[in-house]
Each structure stands twice: as C-alpha cells, then as structure tokens.
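Heads up: the structure comes next, in structure tokens.
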Amino acid sequence: MLTSWIIFFQKLNNSTMSKNKTLNHMNTILVANIGTSDIAIEIEEFYIPIGFVRNERNIDYTGLTEDEKLVWEQELKDSYILEYLCPELDIKVRTAQNGKKTFSFRDLTERIFEAYQKDEETWHKRIRPGRIWGVIKSAIEKFQTKEVYIFVTDQPHPSDTIYLFEILEKWCKREYPNLTLIKQLIPKEIPAINQDLLLNY
C-alpha cells in the first residue's frame, strides 16, 4: 500500500485585460497517490474496505454504528470479502503458510472494473472511494480544482493500483463531470513510497 500524501499546486494562466494590464488566473491542481485503502464495496449492506489495514493508526471510529464496529473489530471485514466478493467475481483465494486466506488486490480491482463497465448502474452504487475521495471533494469545494494527478503502479504485485485508478476515474467522472483524473504511472525503478523521487520524476 502506498504511503498517503497529497500536494496542491497552482497553475498560472495569463489572460490579457487591456494593452497594459494582465490578469493572472490561478488554477489549483491536486497531486496525490492512491493505495489499497482507497476503495470500499457494498457487501451484505455494509461498505467494506477491500484492502484496509485494520490496526492502522489514527482511524476515526466515531461515525460507525454498533453493527459496523462489530464487523470491523471482529475482523469480519476480510471474511466478507473472502466469502462473498471473491466468489462473486471468481477471484482465487490463496492460503498462506500461517493458514490465513489471502487474495490479490490487483486481480480483485481488475474484476470490479470489468463488472463496473458491464453494469455501471449496479456497481456505481456499490463502490465508495476511500480516503482519496475526501481529499478530492475538499479540493473541489475549497479550491475549485479541476485536475487531479494520481500516482499509480502497474507491476506484478498483489497490491498494485492500476485498476483501482480506472475504477476511481470512472466513478469520479460520473459524480463530477468537469473533474479530470490524470494517471501518472510510477516507473518500476522508482519505489512507490519515495515521495521525493516521485515528485522529481
């Protein structure tokens, strides 16, 4: 999972007002990354994050109902994905040496994107972007942002985010037609968690 970070930039456009006067228009763009915590899917009336780390720091539980807290605290999140979503989308479930069942986030998001393309009405309602949606929404409301540059990975790794971007792009386009998500593919030689190298790229 990529380390969460966001950066705002202001892009300068010049518009001539008269012979001797120029008005500068500042357009704010958002640069961000995405990770496995940035999507939840409706399963049995719960929106379940399909790649979220349960014990991550700074999690705000205040908005959860008692039933939602029960699902979270008893680690039922993973079982919902394994027992309902993976079979629904024909995703292979593997068993690790410690006995824990796992799945590929890359494979699962690829199947979700395929299903979303085939039945947009059903899947649009089932999809909820995670943290990145709050950031994008805030950027739109506060800065009238119209462009979002998102770093993604396209590598043979279970946590790869290439199809997550495709899902988010399609979902956001429907919610905000004037918003453009721009994919920035991270080269394989650059570590996805190295912010300095990514911004210099």
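The values are calculated or read from the model by the stated rules, or taken from the named source; none is laboratory data. None of these values were measured; they are calculated from a predicted model. All Cβ positions, even for glycine, are placed from backbone atoms using ideal geometry, and neighbour counts span all protein chains on display.
Couple of notes before you dig in:
Yes/no matrix, rows are residues, columns are (1) at pLDDT below 90; (2) out of contact with any strand residue (DSSP E or B) (no Cβ under 7 Å at 6 or more places or on another chain); (3) in a helix (DSSP H, G or I); (4) surrounded by 13 or more Cβ atoms within 10 Å (Cβ to Cβ):
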position	(1), (2), (3), (4)
G63	yes, yes, no, no
D67	yes, yes, yes, no
D78	yes, yes, yes, yes
L82	no, no, yes, yes
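- Among the residues of region 121-130, just one is within 13 Å of L168 (Cα to Cα) and free of Cβ contacts under 8 Å to residues at least 24 places away in the same chain, namely W123.
- Condition met for T109 (hydroxyl-bearing (S, T, Y), at pLDDT 95 or above, out of contact with any Asp or Glu (no Cβ under 7 Å at 6 or more places or on another chain) and exposed (fewer than 14 other Cβ atoms within 10 Å of the Cβ)): no
- Pairs are defined by a Cβ separation below 8 Å, a sequence spacing of at least 6 or placement on different chains, a first member in region 153-180 that is free of Cβ contacts under 8 Å to residues at least 12 places away in the same chain and basic (K, R), and a second member that is surrounded by fewer than 20 Cβ atoms within 10 Å (Cβ to Cβ) and outside any helix (DSSP H, G or I); the pairs so defined are K173/L179.
- Scope region 38-61; condition in contact with a helix residue (DSSP H, G or I) (Cβ under 6 Å, 6 or more places away or on another chain) and either outside any strand (DSSP E or B) or modelled with pLDDT under 65 (or both); matching residues: D38, I50, G51
- Here the condition is being more than 17 Å from I81 (Cβ to Cβ), polar (S, T, N, Q) and touching a strand residue (DSSP E or B) at 6+ places or on another chain (Cβ under 9 Å); of Q155, Q144, it holds for Q144 alone.
- Some residue of region 134-151 being surrounded by 13 or more Cβ atoms within 10 Å (Cβ to Cβ), within 15 Å of L164 (Cβ to Cβ), out of contact with any His (no Cβ under 9 Å at 6 or more places or on another chain) and without any contact (Cβ under 8 Å) to a residue 60 or more places away in the chain: no
- Checked against the criterion of being over 13 Å from the mean Cα position of the chain (by Cα) and closer than 17 Å to G51 by Cβ, the candidates R131, R111 yield just one match: R111.
- When region 85-124 is filtered for residues that are in a loop (DSSP other than H, G, I, E, B) and among the charged types (D, E, K, R), the ones remaining, listed by number, are D90, K92, K100, D119.
- So K125, is it loosely packed, with under 13 Cβ neighbours inside 10 Å, closer than 21 Å to Y84 by Cβ and at pLDDT 90 or above: yes
- Enumeration of residues in region 142-164 that are at pLDDT below 95, closer than 13 Å to A32 by Cβ and not in a loop (DSSP other than H, G, I, E, B): E147, V148, Y149, I150, F151, V152
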